[in-house]
């Protein structure tokens, strides 16, 4: 078993890092201050097929395996200083595009995937509601069968990409008595459908260049042909999409952790105090050593979890473990970097405080750390 | 494989994995496992993984439903149909 990147993986990483540094990094601070999402940068990502890394080549994607997708997203997290944009790409790809690629009918894949891959379309996952966050199946959004389709009513919140999305993957209750297992259905809803609106747009402490808001569905008609994966299949589709999101969003965090480490080490080697570089002081050096160890452990956990995604039934265990460990490691490493950089760490112009603000959300979205621990405990039979 | 044999094996697995120490008499072939909350979402996935491994079958996303997994009898029925389809 080799844990070295192959030649192809190294090329993939190198190309994405170079692209991200050249095209996505400039202006990241300004977009953060203004909380502005850039569709131009999204389209640039589309030209690199980043929104469709693991989509089959016949639909315009790169056809990457989950592990290769992890390598690519790590490269994006490393090279791109716009954490909101990285998050937006990941949310689109992992929680929306992957479910369509894996569960869509041929017609649905042919209709949506090319645009979702090449940057023409942006997707939003509509699951969370005000009264049901990680408890996703206490949802109030309903889908009522009518001739030729369904009428959707409800309101989703904290929907990443919601205010800018062209397509919404909406989960709605079709049979409350069945609950999680068979009572929830996934619908592909064009956001220009009559009765659909994007509702409130939220202001956040981090990930500010990713637009997050509400989805409002007021009598939205969705034809039968836009049911994803069959009536009642939404619970399983959502659970699987969370495995992908938790495992592979963490890959982007690994890249961010590597960039933070390089920033912190570079500063510790150059900044002098009392006649020597501050990195020579153990109080600083130990922080950096811990950052390196967290980075290596995180990368291995991501690869392990990614390797489970396509077939293993225990993928959710590994996805929860990696999501929990890597998001908390990211926060620790971001805080350590701010501390090592001292006054520069909290100055907005250096961007490190922005990474910390972005990182704080990582232990919350896609299921909080507490929920991940619950899942791991349940897999232990507790 | 006889349905009764499948029912017994499934019940043994559920008692050992999810209800350790409970009286087996509390769970019958018709006890509602999902809709009564005996099995939650993760337990359902673990059960599906066991069924796939133990019987060499594959359950699709839409088959992970209360219609197919809510009771030992229903579980035995879908396992039987999968085994028969496989031939």
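The values are calculated or read from the model by the stated rules, or taken from the named source; none is laboratory data. All figures in this text were calculated on a predicted structure; none of them were measured in a lab. Cβ coordinates were reconstructed from backbone atoms using ideal geometry, including for glycine residues, and neighbour counts include every protein chain displayed.
List of remarks:
- Filtered residue count, region A:242-256, keeping only those that are within 25 Å of residue A:200 (Cα to Cα) and within 14 Å of another protein chain (Cβ to nearest Cβ): 1
- Filtered residues of region A:311-329 (kept if within 14 Å of another protein chain (Cβ to nearest Cβ) and over 19 Å from residue A:378 (Cβ atoms)): A:311
- Those residues of region A:348-382 which are free of Cβ contacts under 8 Å to residues at least 24 places away in the same chain and under 15 Å from residue A:206 (Cα atoms), in sequence order: A:353, A:364
- Residues of region B:56-82 that turn out to be over 23 Å from residue A:314 (Cβ atoms), more than 9 Å from chain A (Cβ to nearest Cβ) and either part of a helix (DSSP H, G or I) or more than 11 Å from the chain's Cα centre (by Cα) (or both), as a count: 6
- Considering region B:41-55, the residues that are out of contact with any helix residue (DSSP H, G or I) (no Cβ under 7 Å at 6 or more places or on another chain) and free of Cβ contacts under 8 Å to residues at least 12 places away in the same chain include one that is nearest to the other protein chains (Cβ to nearest Cβ), namely B:49.
- The condition of being part of a helix (DSSP H, G or I), within 24 Å of residue A:158 (Cα to Cα) and not assigned by TED's automatic domain parsing to the domain that holds residue A:307 holds for only one of A:97, A:17, that being A:97.
- When A:74, A:23 are screened for being buried (at least 22 other Cβ atoms within 10 Å of the Cβ) and in contact with a helix residue (DSSP H, G or I) (Cβ under 7 Å, 6 or more places away or on another chain), only A:74 passes.
- Residue within region A:347-363 that is out of contact with any strand residue (DSSP E or B) (no Cβ under 8 Å at 6 or more places or on another chain), in a helix (DSSP H, G or I) and within 14 Å of another protein chain (Cβ to nearest Cβ) present: no
- Test: residue A:99 is closer than 22 Å to residue A:9 by Cα, surrounded by 19 or more Cβ atoms within 10 Å (Cβ to Cβ), in contact (Cβ under 8 Å) with a residue 40 or more places away in the chain and under 19 Å from the mean Cα position of the chain (by Cα): no
- Among (1) under 13 Å from residue A:119 (Cβ atoms); (2) crowded, with 23+ Cβ neighbours inside 10 Å, the one test that residue A:43 misses: (2)
- Test: residue A:308 is within 14 Å of chain B (Cβ to nearest Cβ) and over 14 Å from residue A:169 (Cα atoms): yes
- Enumerated strands (runs of 3 or more DSSP E) restricted to region A:153-254, each holding at least 1 residues that are surrounded by fewer than 22 Cβ atoms within 10 Å (Cβ to Cβ) and modelled with pLDDT under 95: A:167-173
- Scanning region A:255-291 for residues that are touching a helix residue (DSSP H, G or I) at 6+ places or on another chain (Cβ under 6 Å) and outside any helix (DSSP H, G or I) yields A:271, A:277.
- Some residue of region A:207-228 being touching a residue at least 24 places away in the same chain (Cβ under 8 Å), touching a helix residue (DSSP H, G or I) at 6+ places or on another chain (Cβ under 8 Å) and within 14 Å of another protein chain (Cβ to nearest Cβ): yes
- Scanning region B:14-40 for residues that are more than 8 Å from chain A (Cβ to nearest Cβ), surrounded by fewer than 17 Cβ atoms within 10 Å (Cβ to Cβ) and part of a helix (DSSP H, G or I) yields B:15, B:16, B:24, B:25, B:26.
- For region B:1-12, a residue qualifies if it is closer than 12 Å to residue B:72 by Cα and either surrounded by fewer than 16 Cβ atoms within 10 Å (Cβ to Cβ) or without any contact (Cβ under 8 Å) to a residue 12 or more places away in the chain (or both), and the qualifying residues are B:3, B:4, B:5, B:8, B:12.
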